[in-house]
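Student: I have a structure I would like to understand better, so I am pasting it below and will then ask my questions one at a time.
The values are calculated or read from the model by the stated rules, or taken from the named source; none is laboratory data. No experiment lies behind these values; they were computed from the predicted model shown. Cβ placement follows ideal geometry from the backbone for every residue including glycine, while neighbour counts extend to all protein chains displayed. Calculation scope for accessible area: heavy atoms of the full protein, side chains included, ligands and nucleic acids excluded. Shrake-Rupley method; radii C 1.70, N 1.55, O 1.52, S 1.80 Å.
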Amino acid sequence: MSRDGVKTGPDSIPGWEAVQAEAFNGGFKVLWKNTDGSYGEWITDASGAYISSASLDNFVDVETFYNVDLNGDGTIGHKTTSIETAGSVTLASSTRGVYLVNGSVELTRDGAKAGPDSFPGWEAIHAEAFNGGFKVLWKNANGDYGEWITDASGAYISSTTIPDVIDVEAFYSYDINGSGTVGYELPKLAQQSSPAQKLAPEGEISGEAGWAGTVDVLEFVPNVTAEIVDEFLSVVFGAGETKIAGISVPTKLVDVSSNSDLANETDAVTDLMIANLLEEDSFLL
Ligand SMILES: [Ca+2]
Ligand SMILES: [Ca+2]
């Protein structure tokens with residue numbers, strides 16, 4: 001090889017070494033690698049004399065031409081790696097530097113490919129169909145989440161932050177926060193016991209004595225209407241709210257006392273009413 005009539009060898013261009021050569025257009029293409037990991041390419045004539053050069057944005061592009069696995073991923077040429085297959089839409093990444101929705105739809109923003117290296121710190125982790133296009137969930141290395149809306153061709157339309165990823169778990173059909181549940185789960189009884197065991201001892205259900213001392217924590221689920229509660233019980237809610245099945249509800253019942261109607265019932269009727277509430281999962285101890 002030569003350039004401008006001067007032999008080209010291992011010490012000719014500091015930092016660069018020629019690593020591959022193949023026939024091209026009656027001459028050759030020569031692949032150069034820099035010590036920083038970047039690649040460049042020469043085109044030479046049949047005598048090995050330099051004609052032109054170019055840098056390579058994505059050296060995997062030339063693996064097939066040189067028939068070599070340059071990035072050591074076990075594949076000669078581009079490779080697609082699955083990211084997720086949950087729900088009805090899949091997400092993958094390609095060594096072409098782009099995310100693929102459903103195996104072939106390229107994610108883009110402002111006409112440029114969007115891939116694993118496009119936005120430092122961010123990676124796309126889920127995709128699902130939305131409004132004729134897609135929603136794509138992104139995760140930052142710092143634990144933040146964001147979401148893109150794209151059109152059917154994968155082109156970015158808008159984005160938003162996702163303050164609590166549990167809100168979108170059901171949409172993506174995946175337990176993204178690793179809690180063991182996809183989306184919100186209705187609270188379950190912590191201990192399996194019969195409704196009767198959940199009642200305050202006889203004698204405490206009378207007048208204003210209430211249950212406060214015995215039923216110290218009750219969780220409230222959304223199918224209990226205020227009307228039902230009022231019919232039987234006076235309740236005091238703790239501070240704060242939580243989301244159950246996506247509905248904001250008071251976090252805790254901190255005090256429960258029977259109202260006058262309940263106090264006037266016999267113990268048997270009281271037990272039955274409370275048992276019914278428990279059976280409906282209205283109150284959970
Ligand atoms: Ca490769
Ligand atoms: Ca999906």
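Student: Among the listed pairs Lys29/Lys79; Lys7/Lys79; Lys29/Lys113; Lys7/Lys113, give every one whose C-alpha distance is greater than 32 Å.
Tutor: Check vs 32 Å cut-off fails for Lys7/Lys79; Lys7/Lys113.
Student: Now for a separate question. Let me check I've understood the local charge: for Val101, count other residues with C-beta under 12 angstrom from its C-beta, Lys and Arg +1, Asp and Glu -1. What total comes out? Please report the intermediate quantities before stating the final value.
Tutor: Working: positive: Lys135; negative: Glu84, Glu106, Glu128, Asp151.
Net of charged neighbours comes to -3.
Student: Could you derive backbone 3J(HN,Hα) for the stretch 71-79 from the dihedral phi with the Karplus parameters 6.51, -1.76 and 1.60 (θ = phi - 60°), listing whole Hz in sequence and x where the residue is Gly or Pro?
Tutor: 8, x, 8, x, 10, 8, x, 6, 9
Student: Rounded, prolate or oblate: which fits the stretch 80-172, taking a ≥ b ≥ c as square roots of the Cα gyration tensor eigenvalues, rounded meaning a/c under 1.5, else prolate when a/b beats b/c?
Tutor: rounded
Student: Might you work out the accessible area of Val182 for me, using a 1.4 Å probe with all protein chains in place, and round it to the nearest 10 Å²?
Tutor: 70
Student: How would you classify the stretch 1-50 from its alpha-carbon gyration tensor, with a ≥ b ≥ c the square roots of the eigenvalues: rounded for a/c under 1.5, else prolate if a/b is greater than b/c, otherwise oblate?
Tutor: Judged from the Cα gyration tensor, the stretch 1-50 comes out oblate (a/c at least 1.5, b/c at or above a/b).
Student: Could you check the spin-label model distance between Ile51 and Ser179? Points 7 Å from the Cα along Cα→Cβ, value in nm.
Tutor: Inter-label distance under the simple model: 6.3 nm.
Student: Sticking with this one: Taking the Cβ of Val168 as the centre, find all other residues whose Cβ is under 11 Å away and add up their charges (Lys, Arg: +1; Asp, Glu: -1). Let's see the in-between values first.
Tutor: On the way: positive: Lys135; negative: Glu128, Glu147, Asp164, Asp167, Glu169.
Computed value for this residue: -4.
Student: Also: Ser173: accessible area at probe 1.4 Å, nearest 10 Å²?
Tutor: Ignoring ligands and nucleic acids, Ser173 comes out at about 60 Å².
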